[in-house]
Structures are given as structure tokens and as C-alpha cells.
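Asker: Before I ask anything, let me first share the structure, which is written out below as C-alpha cells.
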Amino acid sequence: MVIDLAYYTYPSPAAYHLNKFLYDLKRSKELRQRYLQDPDQIIAERGIPEDQAEALKALDQERLAALGVHRLLIFLAQFTLDIDRERERYKLQ
């Protein structure tokens with residue numbers, strides 16, 4: 001059996017800090033709330049370089065994937081942020 005890995009690429013070890021950030025963002029409600037208030041501060045706290053910070057703030061899937069971020073983490077972080085934005089918009093808990 002041959003597995004075609006043309007579509008799936010493993011996360012780059014060099015992008016561990018970006019993958020970890022998005023993992024934490026999807027898992028921690030407190031971090032998401034702080035991120036939604038001031039993304040620049042949270043990104044600075046993590047020591048993420050400016051060129052990568054721009055891709056994170058925009059959640060630019062193609063740029064982040066090119067930097068070595070796992071596509072599922074990008075999707076899940078965006079999804080949880082969108083849910084929190086909607087909860088805030090409609091004042092839901």
C-alpha cells in the first residue's frame with residue numbers, strides 16, 4: 001500500500017512555537033479572550049517575530065502553512081475564535 005503524502009505535510013519543528021501558540025489558543029478560553037482584546041500583546045508575550053505575527057493576526061492559512069504550521073490547528077484556532085466572537089456579539093456565555 002502506497003500512501004500519497006503530497007497533500008499532507010508534517011508540521012515543521014522550526015514552527016513549534018507557532019503550532020504551540022495556536023494549540024494553546026484553541027484550548028484556553030482565557031487566552032482567547034485576552035487575544036481578542038489585544039492580539040499584539042499576546043503575540044509579543046510569546047516572542048513571535050513580526051513577520052510571523054502578521055500571519056497569525058490574519059490567520060492567513062497559506063502563509064502559516066508555508067511557515068510550517070499544521071493546517072488543522074489553523075482551522076481549529078479560527079473556529080474557536082469565531083465562536084467566542086459570536087458569543088461576545090450576542091452576549092452569550
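The values are calculated or read from the model by the stated rules, or taken from the named source; none is laboratory data. All figures in this text were calculated on a predicted structure; none of them were measured in a lab. Just so you know, the surface numbers come from the protein's heavy atoms only, side chains and all, with ligands and any DNA or RNA stripped out. Shrake-Rupley method; radii C 1.70, N 1.55, O 1.52, S 1.80 Å.
Asker: With all protein chains present, how much of the accessible area of the stretch 5-93 (probe radius 1.4 Å) comes from carbon and sulfur, to the nearest whole percent? Provide the component values of the computation, followed by the final result.
Answerer: Working: 3220 of 5940 Å².
Summing carbon and sulfur atoms, their accessible area is 54 percent of the total for the stretch 5-93.
Asker: Also, I was wondering about something else. Separation of the stretch 16-35 and the stretch 36-84 by C-alpha centroid, Å?
Answerer: 9
Asker: Turning to a different aspect of this structure: Rounded to the nearest 500, what is the 222 nm mean residue ellipticity of the chain from helices alone, with -39500 (n - 2.57) per DSSP H run of 4+ residues and division by all residues?
Answerer: Details: 6 runs with 62 residues, N = 93.
Mean residue ellipticity at 222 nm (helix-derived): -20000 deg cm²/dmol.
Asker: Quick one: compute the contact order of the chain, relative version, from alpha carbon pairs under 8 angstrom and 6+ residues apart, as a percent. Spell out each step's value before the answer.
Answerer: On the way: 60 pairs, mean separation 36.1, N = 93.
Value for the chain: 39 percent.
Asker: Next question. Have a look at the stretch 42-93 and give its Rg and Dmax from the Cα atoms, expressed in angstrom.
Answerer: Spelled out, the Cα radius of gyration and Dmax of the stretch 42-93 are 12.7, 36 Å.
Asker: Rolling a 1.4 angstrom probe over the protein heavy atoms, how many square angstrom per residue are accessible across the chain? It would help to have the intermediate numbers written out before the result.
Answerer: On the way: 6530 Å² over 93 residues.
It amounts to 70 Å² per residue over the chain.
Asker: Counting only Cα, what are the radius of gyration and maximum Cα-Cα distance Dmax of the chain, in Å?
Answerer: In order Rg, Dmax, the Cα atoms of the chain give 14.3, 51 Å.
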